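Accompanying notes for the structure given below.
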Amino acid sequence: MSKIEVNAIEPQCGTNLTVGASGDTITFPSGTTVVNNGSQTGFGRTGTVDWDTTPKTGDFTAANGVGYFVNTAGGAVTVTLPGSPNAGDVVSVSDYNGNAQTNVITIARNSSNINGSASDLVVSKSNSAIQLIYVDSTTGWQSVITANISDISNPFISATGGTITTCGDCKIHTFTGPGTFAVVAGGCAANNVVSHLVVAGGGSGGTNLGGGGGGGGFREVKTPLNPYTSSPLDGYPTASNRVTVTTTSFPITVGAGGVGAPYGSVAGDGSNSIFSTITSTGGGGGGGSNPNVSVGSPGGSGGGGSYEGGGAPGGTGNTPPVSPPQGTNGGTGLEGPPIWSAAGGGGATDTGTNAPPSGGGPGGDGATTSISGSPTTYAGGGGGSGSSNNGSPGGTGGPGGGGGGGAGPESPMGSVGAVNTGGGGGGSANVTPPAQTSGNNGGSGIVIIRYKFQ
């Protein structure tokens, strides 16, 4: 074997240099480092990376020519692309442990475009990998993966907040108190309309032969992507009822139930529940036996009237008005003799019952939906009270958490509206002295958001 020792090889004329002949094999011995300070052609495809096999668990800035395994088990990770890139620079990113669906990987553009867009790239599909090569200032970093880019970015949203459960291909976020629904990755526009249920707090019952509290306002939207049985009050056909989410945070308000007031005071209305542009109004409080507070209050559903003044009317439901209606009216009380009784509060789908001669009026029915994964009834009206003078029974609470009305000297108080149903509280029966009783509290509301995630 011949051996030539030189520091440089240059062509004798021109600028082209040929090493070896066709069919020859050029061998670089083990340990040799080949440095390319110029450009190359004919060595196969560009864009090769050296993989860093230590998974990244926190935010970092990528280096040219390196591939990274990103572990998001502990939370979302942001990979910032190199600044001031040159044509041919390359970076690869792979979801290390399949958690990108839950905790996304954000590839921050660092002032350069990605696929021609001045937007960061979010990897939100489990077990995904992507390779990006910098082309020029117009395209910026171009994806050169073998699959379509839609396989990297999940076409459905990813979000946090509330108690999260899974039902088939749907995620369900349940808020039983104030919170935040945070969308961390947006899907395509058609998939960003979410199903939702917003139920306000129920009104409290009236005191001393008082009417039942009205159920909290009930508003629901079921999108075509969600395979569950909705209530009859599905508002999806009305565009203003729909909520299209984006990658931002949505504060959630869950209304408290109305607080029962003592004799002579207005029964407490329920508080509103709110999600984005959707507000459900708290249920109206029931009327009491004092003439100044005998009429049921308006609200999502109206409170029932007391017996005063020949039978006081109930409050108006669906106040303020929305379509479909968020509730119904309360019933009218009955003044004897021999029977003095109060009416039921309105429910989501059925008005409060006028006080019958046999006792207090039942609360109106609530609405049943399976948005949570199982059929549940919400926003029932509270039952009106019966008279303790003759032992007439109190009205039953409407299905959907409504409290029963008080009755007779043995059980004058009745019952409260159920927690997180928006049920109205039951009215209390008359006792002597009347200051010994207050109306029953309404039940708190609830907010549920449901969407397809895969």
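Every number here is computed from the coordinates shown, using simple stated rules; none is lab data. Just so you know, these numbers come straight off a predicted model, no measurement behind them. Here Cβ is always computed from backbone atoms with ideal geometry, including for glycine, and neighbour counts include all displayed protein chains.
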Specify which labelled value, from (i) 33.9, 128; (ii) 21.4, 60; (iii) 27.8, 92, agrees with Rg and Dmax of the Cα atoms in Å derived from the coordinates of the model shown.
(i)
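Taking the number of other C-beta atoms within 10 Å as the exposure measure, put THR277, THR377, THR139 in order starting with the fewest. Can you show the working numbers first?
On the way: THR277 11, THR377 22, THR139 15.
Least crowded to most crowded, the residues run THR277, THR139, THR377.
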In whole Hz, what ³J(HN,Hα) sequence does segment 199-209 give by Karplus (6.51, -1.76, 1.60; θ = phi - 60°), x for Gly and Pro?
10, 7, x, x, x, 7, x, x, 10, 6, 6
Please report the antiparallel percentage of DSSP beta bridges with both residues in segment 50-151, rounded to the nearest 5.
45
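Given the Cα-Cα distance of ALA73 and THR33 and 0.36 nm per residue of separation, how much length would full extension add, in nm? Numbers along the way, then the final one.
On the way: separation 40, 0.36 × 40 = 14.40 nm, distance 3.80 nm.
The ALA73-THR33 span can extend by a further 10.6 nm.
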So which aspartates and glutamates pass the test for LYS452, namely a Cα distance under 15 Å, with those fewer than 8 places away in the same chain ruled out?
ASP169
Placing unit charges on C-beta atoms (Lys and Arg positive, Asp and Glu negative, everything else neutral), compute the dipole magnitude of the chain about its Cα centre in debye, rounded to 20.
320
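Among PHE453, PHE156, which comes first, then next, by fewest other beta-carbon atoms within 10 Å? Mind showing how you got there, number by number?
Numbers: PHE453 19, PHE156 22.
So the ranking, lowest neighbour count to highest, is PHE453, PHE156.
Rounded to the nearest 5, what is the percent of antiparallel bridges among the DSSP beta bridges in the chain? Show your work: numbers first, answer last.
Values: 53 of 70 bridges.
Counting only bridges with both partners in the chain, antiparallel ones make up about 75 percent.
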Among ILE449, ILE252, rank each residue by its count of other Cβ atoms within 10 Å, from fewest to most, as a rough exposure measure.
ILE252, ILE449
Tell me, in nm to one decimal, what length is gained between THR80 and ASN16 on full extension, where the rule is 0.36 nm per residue of separation less the Cα-Cα distance?
19.0 nm
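State which stretch of the chain is the longest one without any exposed trypsin sites (Lys or Arg not before Pro), exposure meaning a DSSP loop state and at most 15 other Cβ atoms within 10 Å. Provide the component values of the computation, followed by the final result.
Details: sites that count: LYS3, ARG45.
Of all site-free stretches, the longest is 46-454.
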First measure r as the distance between the Cβ atoms of THR180 and SER358, then evaluate 1/(1 + (r/R0)^6) with R0 = 41 Å and state the FRET efficiency to the nearest 0.05.
0.25
